[in-house]
Every structure is written in structure tokens, then in C-alpha cells.
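J.: This is the structure, below, for whatever I ask next.
The values are calculated or read from the model by the stated rules, or taken from the named source; none is laboratory data. The model shown is predicted, which means the values in this text are computed figures rather than measured ones. Glycine also receives a Cβ, built like all others from the backbone with ideal geometry; neighbour counts cover every protein chain displayed.
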Amino acid sequence: MDQGSSLWPTAVARGDLSPINIRPFSDIQDGVIPYGGPGQPVCIGESITAGHGATLADGCLVGIDAIVLNGVTVGEGALIAAGSAITKDVSPRMMVREFLLRPAENFR
């Protein structure tokens, strides 16, 4: 764990089969379990918050910078595209890309 990172109560960083690197200023919140299989190290990037009550079933893959919101279930073997913001449940073995590109206001 790097400077300014935290592992909250009931979170478990399982480094029994591969190393886990938690970069600076990231927090792993209650109930989150970062885990990598043999030869698959886990790296949690800088200034990341992991948590918020989503359910990720076995064998699913959540791409880089994807967000799975509170109460959403990602089914077994599903794939979430990088950069997606998932607001609804995802069926097992489904590939999903959902980008919420709604500008809040114009900047000049």
C-alpha cells in the first residue's frame, strides 16, 4: 500500500496467489476484496475508490475506468467495456458498453 491509501474495515486484500499494489490516495472500502489468480497481480490505480454496493458475479470482467453503480448486479461471465457507466443490472455472459455523455454545461 502506498502513501495516503487505505484499506477499510471488512475489506480484504487477498495477496495469497499474486501481489496486490494499492497506489497513492486510493481507498478500498468495506467489503471489497481485491484478488488476483496465479500470475495475475492486482494493481489499483492512484486516487481510486472501490466500493459502493455493486455485485460482481464469478468470471465477469470490468474494464478500465468503468463504473458500476450502487445496487447493480453484473452477471456471471459478463464483460463491461472500459469507460462504461453501468446503471442497470447486466445479464450473465452479456457484453455491455454504456457511456453517459451528457454535458452539464458549456465551458469556454
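J.: Do we find that Ala57 is at pLDDT 80 or above, touching an Asp or Glu at 6+ places or on another chain (Cβ under 8 Å) and surrounded by fewer than 14 Cβ atoms within 10 Å (Cβ to Cβ) in this structure?
T.: In short, no.
J.: Next up: Just name the residue that is modelled with the highest pLDDT out of those in segment 15-31 that are closer than 13 Å to Glu46 by Cα and in a loop (DSSP other than H, G, I, E, B).
T.: That would be Pro24.
J.: Mind checking whether some residue in segment 81-89 is on the phi > 0 side of the Ramachandran plot and surrounded by fewer than 17 Cβ atoms within 10 Å (Cβ to Cβ)?
T.: Within segment 81-89, one or more residues are on the phi > 0 side of the Ramachandran plot and surrounded by fewer than 17 Cβ atoms within 10 Å (Cβ to Cβ).
J.: From the list Val42, Val32, which one is under 11 Å from the mean Cα position of the chain (by Cα) and among the β-branched types (Val, Ile, Thr)?
T.: One residue alone meets the criteria, Val32.
J.: Oh, and also: Within the group Ile33, Ile44, Ile64, which residue is without any contact (Cβ under 8 Å) to a residue 40 or more places away in the chain and crowded, with 17+ Cβ neighbours inside 10 Å?
T.: One residue alone meets the criteria, Ile44.
J.: Residue check: is Asp27 more than 21 Å from Thr87 (Cα to Cα) and exposed (fewer than 13 other Cβ atoms within 10 Å of the Cβ)?
T.: In short, no.
J.: Quick check on segment 2-14: of everything there that is more than 17 Å from the chain's Cα centre (by Cα) and surrounded by 12 or more Cβ atoms within 10 Å (Cβ to Cβ), which residue is modelled with the lowest pLDDT?
T.: Asp2
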